[in-house]
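Q: Structure in C-alpha cells, see below.
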Amino acid sequence: MFGSVKQIQQMQQRLMQAQEELGRQTVEATVGGGAVTIVMDGHQKVHSIKIAPEAVDPADLGMLEDLIVAAVNEAVDKTQAMAAQQLSALTGGIKIPGLGM
C-alpha cells in the first residue's frame with residue numbers, strides 16, 4: 001500500500017509542477033493577417049493585445065471587436081491544447097477532472 005500512496009504523492013507533485021509551468025508558458029494568436037495579436041499564458045490570462053493601426057477604423061469598430069474575439073478564442077484553444085499535451089504526458093493519457101484538459 002505504501003508504494004501506491006507514494007506513487008500518488010509523486011504524481012500530485014509532478015502535476016503541481018506542470019500547472020506552474022503552464023503559467024510560465026505563453027501562446028500567441030494572430031488574426032486578420034496580423035491585425036490583432038493576443039499573448040496568453042497557460043492559465044488563460046491575457047498578457048498583451050496588439051492592434052495594428054490599420055485595423056482601427058472608427059467607422060467599423062464592429063470588425064475590430066470581432067477580430068479581438070477571434071484572437072482571444074484562438075489563444076484559448078491554443079492554451080487548452082498546450083495544457084492537454086503537457087498534462088497528458090504526465091498522466092499517461094488519463095483525463096483527470098479539474099486539470100484543464
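Q: Taking the Cα centre of the chain as origin, sum charge times position over the Cβ atoms of Lys and Arg (+1) and Asp and Glu (-1), and report the length of that vector in debye to the nearest 20.
A: Details: 7 positive and 11 negative charges, 173 e Å.
Dipole size: approximately 840 debye.
Q: Relative to the longest principal axis of the chain, what angle (0 to 90°, nearest 10) does the C-alpha long axis of helix 2-24 take?
A: 20
Q: While we're looking at this one, here's another question. What number, rounded to the nearest 500 deg cm²/dmol, is the helix-based mean residue ellipticity at 222 nm of the chain, given -39500 (n - 2.57) per DSSP H run of at least four residues and division by all its residues?
A: Roughly -19000 deg cm²/dmol at 222 nm, from the helical runs in the chain.
Q: Beta carbons within 10 angstrom, averaged per residue: use that to sort the peptides 5-16, 22-33, highest first. It would help to have the intermediate numbers written out before the result.
A: Values: 5-16: 11.0, 22-33: 16.0.
Those peptides, ordered most packed to least, come out 22-33, 5-16.
Q: Enter the angle in degrees (range 0 to 90, nearest 10) between the Cα long axis of helix 61-91 and the first principal axis of the Cα atoms of the chain, meaning the one along which they spread out most.
A: So the inclination is approximately 20 degrees.
Q: Please count, across the chain, the pairs of lysine residues with Cα atoms under 24 Å apart that sit 8 or more places apart or on different chains. Intermediate results must be reported in sequence, preceding the final value.
A: Details: LYS6/LYS95; LYS45/LYS78; LYS45/LYS95; LYS50/LYS78; LYS78/LYS95.
Lysine pairs meeting both conditions in the chain amount to 5.
Q: Tell me, what is the percent relative contact order of the chain, built from C-alpha pairs under 8 Å that lie six or more residues apart?
A: Values: 114 pairs, mean separation 25.3, N = 101.
Relative contact order for the chain comes out at 25 percent.
Q: What nm value, rounded to one decimal, do you get for the distance between ALA59 and ALA89 when each label is placed 7 Å out toward the C-beta?
A: It works out to 5.1 nm between the two label points.
Q: By the scheme Lys and Arg +1, Asp and Glu -1, what is the net charge of all other residues having a beta-carbon under 15 Å from that of ASP57?
A: Values: positive: none; negative: GLU54, ASP60, GLU65, ASP66.
Neighbour charge sum, excluding ASP57 itself: -4.
Q: In addition: What is the gain in length, in nm to one decimal, between HIS43 and VAL69 on full extension, counting 0.36 nm per residue of separation less the C-alpha to C-alpha distance? Don't skip to the end; give the middle numbers.
A: Values: separation 26, 0.36 × 26 = 9.36 nm, distance 1.79 nm.
Contour length minus the Cα-Cα distance gives 7.6 nm.
Q: Could you tell me which of rounded, prolate or oblate describes the chain, using a ≥ b ≥ c as the square roots of the eigenvalues of the alpha-carbon gyration tensor, with rounded for a/c under 1.5 and, failing that, prolate when a/b is larger than b/c and oblate otherwise? Kindly include the intermediate steps, with their values, before the conclusion.
A: Working: a/c = 4.57, a/b = 3.64, b/c = 1.25.
In terms of gyration-tensor shape, prolate.
Every number here is computed from the coordinates shown, using simple stated rules; none is lab data. None of the values given here were measured: they were computed from a predicted structure. Quick reminder, even Gly has a Cβ in these numbers, built from the backbone with ideal geometry, and neighbours come from all protein chains shown.
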